[in-house]
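To start, the structure itself, in structure tokens.
Each reported figure results from applying straightforward, stated rules to the coordinates on display, with no laboratory input. Remember, it's a predicted structure, so these values are computed and weren't measured experimentally. All Cβ positions, even for glycine, are placed from backbone atoms using ideal geometry, and neighbour counts span all protein chains on display.
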Amino acid sequence: MPQRKKIRVQTFLEKKQANEKIVAVTAYDYPTAILVDEAGVDMVLVGDSVGNVVLGYDSTLPVTMEEMRHHLRAVRRGIKNAFLVADMPFMSYQSSVAQAIENAGLFLKDGAEAVKLEGGTGTIVQIVKALVDVGIPVVGHLGFTPQWIHQFGGVRFRGRKSDEAKRLVEMAIALQDSGCFAIVLELVPEDLAVIITEKLSIPTIGIGSGPHCDGQILVLHDLIGMLPGWSPRHAKRYAQVGELIRHSVEIYAQEVREGKFPTSEYTIKMPPEELERLKQLLQRF
Ligand code: KIV
């Protein structure tokens, strides 16, 4: 395998300037962290989507700092070259600048190289500024931001109408000015993503926002087809890993029930003389 370079915060700006696409994906545990890192992605996000795709919650709102830190530390142990970002969960940063700094600081102590937080209102911009001011790199997140689901009234594209689109452009500029080094654009129309991408000097990383962002991110479990049933329209399935797991376990179960597993290649025997001696020893009881 060719030697890869460690991705650093500056790499993202360099890639935008060189017109090279940024590849990002989520991961939530040690084995998938190893795999996505070996696959050569630029950025790994320990997303609060862990709530939906790993913990079985119906939104990201219940995810806690403790849960995020547990998954972050596992992912950290599996990553060598990719740049590691952790999502700040709902209500871990919104209450005050002090709360945001304390919690983002815990993530950096756990091995994250940046944090991501959602929204671009005045309060969020102030929090981003404060984090950057104390040396914590920040990725912004605009468009459909899952922690705002109740405010938005459901999962839907943001910025279809010109007024809302203008507001998103303004928020993107405000986040850039406050020090974000990249912005995730989730579920915005692709023509709006083009406008934001052209207006910013920092890279945009799209999810469901068309091909013209500076990079793309997908939730790993959507990309590999881990969960049965529905998957979001924007998420291309590159494999059917869930089906593979289910099928493997079905065959295993069948073989156990039929006495076909384990065969001699999966077990060992005692040396014959030791077995003989054991039988003699047991005769004494
Ligand atoms: O939590 C997450 O997985 C995310 C992506 C959708 C970007 O924030």
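Conditions tested, residue by residue: (1) within 12 Å of the ligand (Cβ to nearest atom); (2) buried (at least 22 other Cβ atoms within 10 Å of the Cβ); (3) closer than 20 Å to Leu84 by Cα.
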{"site": "Leu142", "(1), (2), (3)": "yes, yes, yes"}
{"site": "Arg158", "(1), (2), (3)": "no, yes, no"}
{"site": "Lys166", "(1), (2), (3)": "no, no, no"}
{"site": "Ile183", "(1), (2), (3)": "yes, yes, yes"}
{"site": "Ile195", "(1), (2), (3)": "no, no, no"}
{"site": "Lys199", "(1), (2), (3)": "no, no, no"}
request  = Please find, among Ile149, Ile196, Ile205, the residue that is assigned to a helix (DSSP H, G or I) and touching a residue at least 60 places away in the same chain (Cβ under 8 Å).
outcome  = Ile149
message = Any residue at all in region 234-257 that's within 16 Å of the ligand (Cβ to nearest atom) and under 19 Å from Thr145 (Cα atoms)?
response = yes
request  = Sort through Ala86, Ala104 and tell me the only one that's touching a Leu at 6+ places or on another chain (Cβ under 9 Å), in a helix (DSSP H, G or I), surrounded by 23 or more Cβ atoms within 10 Å (Cβ to Cβ) and among the aliphatic types (A, V, I, L, M).
outcome  = Ala104
request  = Restrict the check to region 231-244 and report whether at least one residue is in contact (Cβ under 8 Å) with a residue 60 or more places away in the chain, within 30 Å of Ala39 (Cβ to Cβ) and in a helix (DSSP H, G or I).
outcome  = no
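One line per residue, one yes/no per condition, for (1) closer than 18 Å to Gly47 by Cβ; (2) not in a helix (DSSP H, G or I):
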| site | (1), (2) |
| --- | --- |
| Val155 | yes, yes |
| Arg160 | no, yes |
| Met171 | no, no |
| Ala174 | no, no |
| Asp177 | no, no |
| Ser201 | no, yes |
| Ser209 | yes, yes |
Test: Leu61 is touching a Lys or Arg at 6+ places or on another chain (Cβ under 7 Å) and either crowded, with 18+ Cβ neighbours inside 10 Å or touching a residue at least 60 places away in the same chain (Cβ under 8 Å) (or both) = no
ask   = Does Ala33 count as within 13 Å of the ligand (Cβ to nearest atom) and in contact (Cβ under 8 Å) with a residue 40 or more places away in the chain?
value = no
ask   = Among Val115, Val97, Val128, which is the only one that is within 16 Å of Val184 (Cβ to Cβ) and without any contact (Cβ under 8 Å) to a residue 40 or more places away in the chain?
value = Val115
